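Peer 1: Mind looking over this structure? Questions follow.
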Amino acid sequence: MNSHAFTFCNEHLLALPSGALFWPAQRLLCVSDLHFGKASRYALHGASVLPPYEVHDTLLRLDQDIVEQRPKIMICLGDSFDRVGASDDLDPRSREWIIRLQAGVNWIWIEGNHDPGPLDLGGTHMHEVTIGPIAFRHIALEETATGGEISGHYHPKVTVRAGKRTITRRCFTTDTQRVILPAYGTYTGGLNVNASPLSTLLATNAICILTGAKALPVPRSKTRS
Amino acid sequence: MLARADDPATLLIAPTGGGKTMAGFLPTLNELAEGPHEGLHTLYVSPLKALASDIKRNLRRPVEDINLPIRIEDRTGDTPASRKKRQRADPPHLLLTTPESLALLASYEDAPRMFKNLKRIVIDEIHALADNKRGDQLMLALSAIQNMCDGLRRVGLSATVEDPATIAKYLARHPDPCDIVMADPGPDPDISMLQIAEPPPWAGGGAAYAIPAVLEQIKQHKTTLIFHNTRAQAEIFFHNLWLANEDSLPIGIHHGSLDRVQRARVEAAMVRGELAAIVCTGSLDLGIDWGDVDLVIQIGAPKNVKRLVQRIGRANHRYNAPSKALLVPANRFEVVECVAALQAVKEHELDGDPRGPGPLDVLCQHILIRACAGPLDPNALYREIKSVGAYSEVTRASFDDCFEFCATGGYALRAYDKWKRLLQRTDGKWILRDQRAAQRIRMNIGTIQDTDTLKVRLKKSRGGKPLGEVEENFAASLTEGDTFLIGGQIVRYEGLREMTVEVTRRADKKPKIATFAGTKFATSTQLNQRILRMFQQEAWPELPAHTADWLTLQRGASILPRPGRLLIETFPHEDRHHTVVYGFAGRNAQQTLGLLLSKQMEQLGYDPLGFVATDYATLIWGLNPTTDPEALMNPNTIEHGLEQWLAGNALIKRTFRASATIAGLIERNLPSQRKSGRQATFSSDILYDTLNKFDPEHLLLRITRQEAMRGLVDFGRIRLMLDDTRGRIDFMTLPRVTPLAAPMFLEMGRVPIKGAAEERLLAAETAALMATAGLG
């Protein structure tokens, strides 16, 4: 298996190399920060006309994860759309694709700072949701109450020295209280786990799980700024 | 120059320091002396900001002496905004500027008013612009300005070049004629190799063996310029020079990554004649008047005869006496190269590679700039662009592709019909859909790609003294405690704070990390051909004995490479089979060849392990011997391998980023935006991968592939070499390392060949880190 298994709130979770999280006991798949429509926001503001393929590319990867994990519950953890109204501008093919993926799945859109309003797509729209001991919300709370929290928002990435090379990857971060997911969308950047505000949010003994061909854990304290 | 004042275009070619700049201004001063002129009369464009202010100083004196009512001002990136604004409302008679500032001026809606009365344009150091994208941008801007005024006349001022006609074609409005005026080239330079008792080392580029001899020369001359090919070499040499400088001769260092304040201090000291020597790089290549230089020393083979001649011209700038220059080869092979270069200088044979048609990324930027200035008629714009020499052959289809890219992105998936960048009005002209875009486009003007650099500062509580800059990749490779050279001093890496490298001073004698990357020039085709011809001589009386003996040994053990043929040697050494391909295609091409041949060898089952490349050969080692050189050098499979390799390669991604920035797809990385925690931006690599996956025939990918043929990938020269030697391979199977191959075993920069290496490396490293943290 290329995924990395870890225990969080006594639950067995899998960090997939794609950047998605799978909770086998619940058959729950979770992705964060898809940022659909980012390219069109650039175009809208007259900034640039970026290659308009980011929705297709993100959906291709999401499709593959769904086919492999066959989830019952799908949680999109906020900033699924890059701006309010971006879902209206989806091309018909992408819209149909999303609808096809939703078939037979309890699909939950958690709202994020980029997409606070409801969407005109199927599925449940929620501010946050708690399943078992774990709360799913877009932005991590500074103080977590009882139980654990899974969030996104910060687009964590990590830099590791291997041999003579410096390699940077998107990553999950985990400690006893929080899991923060990497951004899943194709056109997304990242924030180094050692940079503020991520650095203050994470426990010093946090583990980062690199995405790529294989999900690889590494202690945050051993990564580079 | 006065006799030709009314010609549409004139190219004046004179050696460095021939007073050609003043000659270029003569007709202007003459015309302005005849009577008052309203508004801008003459534009002066130079590749260097410093040159513009230098010329302003030099011009003002004669103008004030004869009391001419002429206003002279400069306009560069450093000019305050208030003055820039005033210059647009009330332009001076003479405006001294740079290509980028001129392109920016042409992007304003009021440009036609500003340039209405323009009569002349003088382009200084035109040879330094004609071979790059800055020059393409300049000539495109000029084509627009030409249509805003009547009878604009162009004057180009050039140092000695190999092919004046090419520059003339570049300068003139197509198809206007352009006269070439050749000034007296002056006496031949007094140029030779620095005689040093000790033979140079077999490999490397430091030339440390020459330090005592160089110091001796410095003592005997008033001011010596010591040129190096890379910044790193300049730093190391300067450091060694100071260690040996027992008389405390005043010696300075000057290169592009030093802090601006430091550079300015060295320049000022030099003008005052206070320095005995300056260790420098190409940052001193262009013609600013630096005072009384009476000796130029070139450390390392010059790689390119034209650049050597221009550098030599820096000595005796003011007098009609021969320039004095000394060459110092850094290793044994460079001895041959230096002698070949000396012969070329004597025979006045300069080198240069033809440049091909104007690049389309610059054209895209130009279209956007023109759209900022007002409604755009594509037909008129196409005609205007065809009047630029470098773009005179551009097809309507290519132009339309570029226009389409600017308007909609030009993607196979029509996604932006709602948010086009350019909209067509009912009268057929095109305008920016969102006027705010004009501001962004102007911010992005320019074609120089800054490598991402980080400032280096001494660590102090409130920000210490700035020392200079290092490349981001280099900074990323440092760990705390590493020591390296900058500005001639050894510093210790302490950490990275807010995009600044913090260091402390160290008194060590030797830095731990020897180099930081700099440009690696490739030896020119002509120079390499000359070396191959030299190899065919019976004996080499012109070479020092140590080098002649080396070549004789090679002739005994194997053969020497021949022109028009390709020598491949294969021999065992230390349990590995080695193959040397003497392509003489220049460092970048030989490097690319190494990557392609190792792929090829993997296919042929030779199990390659690594390779190293120099300007003349590539050495590949592996587990099995090379048996089929024809299959190895098959041009079709090499070309096919290139395409595959390019798709996933870091170099091509860098090339893509440069072209995408110039073409306006992504915005220049402004230093102010490069905060460490940038979550919002994503790397251009993602765009490249996405385009490659979904739209592989997109204009920008086509441009990127074209760019890759030259520059760092330099496949153009591999193709040239293959065509030149097809079917004529000298394949030598030998029992041991040959004399010519031996120095390659000492070369730095060996490239390991990796299959699925990165993931494996990463897996091992992360596991080790988990284990050390007690988590394994």
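Peer 1: Which residue fluctuates the most in chain A, going by a Gaussian network model with Cα springs under 10 Å, if the choices are A:LEU16, A:LEU50, A:LEU77?
Peer 2: Largest GNM mean-square fluctuation: A:LEU50.
Peer 1: Under 14 Å from a point placed 7 Å out from the Cα of B:HIS37 along the Cα-to-Cβ direction: which residues of the range B:151-193 have their backbone N that close?
Peer 2: Taking a point 7 Å out along Cα→Cβ of B:HIS37, the residues of the range B:151-193 whose backbone N falls under 14 Å are B:151-155.
Peer 1: Separate question: Nearest 5 percent is fine: what portion of the DSSP beta bridges confined to the protein assembly as shown is antiparallel?
Peer 2: Approximately 50 percent, going by the DSSP bridge assignments.
Peer 1: Suppose we keep just the DSSP beta bridges with both residues in chain B; what percent of those would be antiparallel, to 5?
Peer 2: 45 percent
Peer 1: How high is the FRET efficiency between B:ARG668 and B:THR504 when r is their beta carbon distance and R₀ equals 25 Å, given to the nearest 0.05?
Peer 2: It comes to 0.15.
Peer 1: Now for a different question. Give me the percent of DSSP beta bridges within chain A that run antiparallel, rounded to the nearest 5.
Peer 2: Within chain A, antiparallel bridges account for around 60 percent of the total.
Peer 1: Under unit Cβ charges (Lys, Arg +1; Asp, Glu -1), what dipole magnitude, rounded to 20 debye, does the protein assembly as shown have relative to its Cα centre?
Peer 2: The calculation lands at about 1600 debye.
Peer 1: Order by neighbour count: B:CYS338, A:CYS208, fewest other Cβ atoms within 10 Å first, most last.
Peer 2: With the sparsest Cβ surroundings first, the list reads B:CYS338, A:CYS208.
Peer 1: Contour minus end-to-end for B:GLU630 and B:LYS116, with contour as 0.36 nm per residue of separation and end-to-end as the Cα-Cα distance?
Peer 2: Gain on extension, B:GLU630 to B:LYS116, equals 178.7 nm.
Peer 1: If each residue of separation counts as 0.36 nm, what is the full-extension length gain between B:GLU274 and B:MET182 once their alpha-carbon separation is subtracted?
Peer 2: Gain in length upon complete extension: 29.6 nm.
Peer 1: I've got another one for you. Give the aspartates and glutamates reachable from B:LYS56 as a straight Cα distance under 14 Å; neighbours fewer than 8 places away on the same chain don't count.
Peer 2: B:GLU64, B:GLU73, B:ASP74, B:ASP124, B:ASP289
Peer 1: Diagonalise the Cα gyration tensor of chain B and give the resulting equivalent ellipsoid semi-axes, square root of 5 times each eigenvalue, largest first, whole Å.
Peer 2: Value: 42, 34, 28 Å, ordered largest first.
Peer 1: So what's the Cα pair-distance distribution over chain A, bin width 5 Å, in %?
Peer 2: Result, from short to long distances: 1, 7, 15, 20, 21, 16, 11, 6, 2, 0 percent.
Peer 1: Compute the FRET efficiency between B:ALA264 and B:GLN603 as 1/(1 + (r/R0)^6), taking r as their Cβ-Cβ distance and R0 = 56 Å, and round to the nearest 0.05.
Peer 2: With R0 = 56 Å, the Cβ-Cβ based efficiency is 0.55.
Peer 1: Right, next: How well do other chains shield peptide A:190-197, expressed as the mean number of their Cβ atoms within 10 Å of each residue Cβ?
Peer 2: The mean count of partner-chain Cβ atoms within 10 Å per residue comes to 3.
Peer 1: State the extension gain, in nm to one decimal, for the chain segment bounded by B:ASP723 and B:ALA412, taking 0.36 nm per residue of separation less the distance between their alpha-carbons.
Peer 2: 108.4 nm
Peer 1: Using 1/(1 + (r/R0)^6) with R0 = 60 angstrom and r between the beta carbons of B:SER192 and A:VAL84, what's the FRET efficiency to the nearest 0.05?
Peer 2: That gives a FRET efficiency of 0.20.
Peer 1: Ranking B:PHE238, B:PHE611, B:PHE731 by Cβ neighbours within 10 Å, fewest first, what do you get?
Peer 2: So the ranking, lowest neighbour count to highest, is B:PHE731, B:PHE238, B:PHE611.
Peer 1: Considering only A:LEU198, A:LEU60, A:LEU44, give the residue with the highest GNM mean-square fluctuation for chain A, with springs between Cα atoms whenever their separation is below 10 Å.
Peer 2: Fluctuation is largest for A:LEU44.
Peer 1: Ok, one more. Under the Kirkwood approximation applied to all pairs of distinct alpha-carbon atoms, what is the hydrodynamic radius of the range B:366-443 in Å?
Peer 2: 13.1 Å is the Kirkwood radius here.
Peer 1: Which order do B:GLU480, B:GLU765 fall in if you start with the one that has the fewest other Cβ atoms within 10 Å?
Peer 2: Going from sparsest to densest Cβ surroundings: B:GLU480, B:GLU765.
Peer 1: Over the residues of the range B:561-659, compute the C-alpha Rg and express it relative to 2.2 N^0.38 Å.
Peer 2: 1.09
Peer 1: So which of A:LYS157/A:LYS222; A:LYS157/B:LYS460; B:LYS49/B:LYS133; B:LYS20/B:LYS324; B:LYS20/B:LYS49; B:LYS169/B:LYS306 end up more than 25 Å apart by C-alpha?
Peer 2: In this structure, A:LYS157/B:LYS460 lie more than 25 Å apart at Cα.
Peer 1: Same structure again: Pop out the ³J(HN,Hα) list for the range A:39-51 in order, Karplus 6.51 cos²θ - 1.76 cosθ + 1.60 with θ = phi - 60°, rounded to Hz; leave Gly and Pro as x.
Peer 2: 4, 6, 5, 4, 5, 4, 7, x, 7, 6, 10, 6, x
Peer 1: Any aspartates and glutamates with Cα under 17 Å of the A:LYS214 Cα? List them, leaving off those in the same chain fewer than 8 positions away.
Peer 2: Straight-line reach from A:LYS214, under 17 Å: A:ASP65, A:GLU68, B:GLU758, B:GLU759, B:GLU765.
Peer 1: Further question on the same structure: Which value in Å is the Kirkwood Rh of the range B:9-182 over different Cα pairs?
Peer 2: Evaluated over the range B:9-182, this radius sits at 16.1 Å.
Peer 1: Same structure, new question: Please list the equivalent ellipsoid semi-axes of the range B:190-346, computed as the square roots of five times the alpha-carbon gyration tensor eigenvalues, in descending order and whole angstrom.
Peer 2: Sorted largest first and rounded, they come to 22, 18, 15 Å.
Peer 1: Turning to a different aspect of this structure: Roughly speaking, what % of Cα-Cα pairs in the range B:90-224 are separated by over 18 Å, rounded to a whole number?
Peer 2: 67 percent
Peer 1: Label B:ASP575 and B:ASP90 with points 7 Å out from Cα along Cα→Cβ: what is the distance between them in nm?
Peer 2: It is 8.2 nm.
Peer 1: Let me confirm one metric for peptide B:685-698, namely the mean number of other chain beta-carbon atoms within 10 Å of its residues' beta-carbons.
Peer 2: 4
Peer 1: While we're looking at this one, here's another question. So for the protein assembly as shown, Kirkwood radius off the Cα pairs, Stokes-Einstein at 10 °C and 1.306 mPa s: how many µm² s⁻¹?
Peer 2: Reported coefficient: 50 µm²/s.
Peer 1: Over all residues in B:763-772, what is the mean tally of Cβ atoms on other chains that come within 10 Å of each residue's Cβ?
Peer 2: Mean inter-chain Cβ contacts per residue within 10 Å come to 6.
Peer 1: Which of the lysines could be linked to B:LYS459 by a straight reach, that is with a Cα gap under 21 Å, when you skip same-chain ones fewer than 8 residues away?
Peer 2: B:LYS509, B:LYS510, B:LYS512, B:LYS675
Any read-out appearing in this document is the output of simple, stated calculations on the displayed coordinates, not a laboratory observation. Please read these numbers as outputs of a predicted model, since none were measured by experiment. Heads up, the Cβs are rebuilt from the backbone with ideal geometry, glycines too, and the neighbour counts pull from every protein chain shown.
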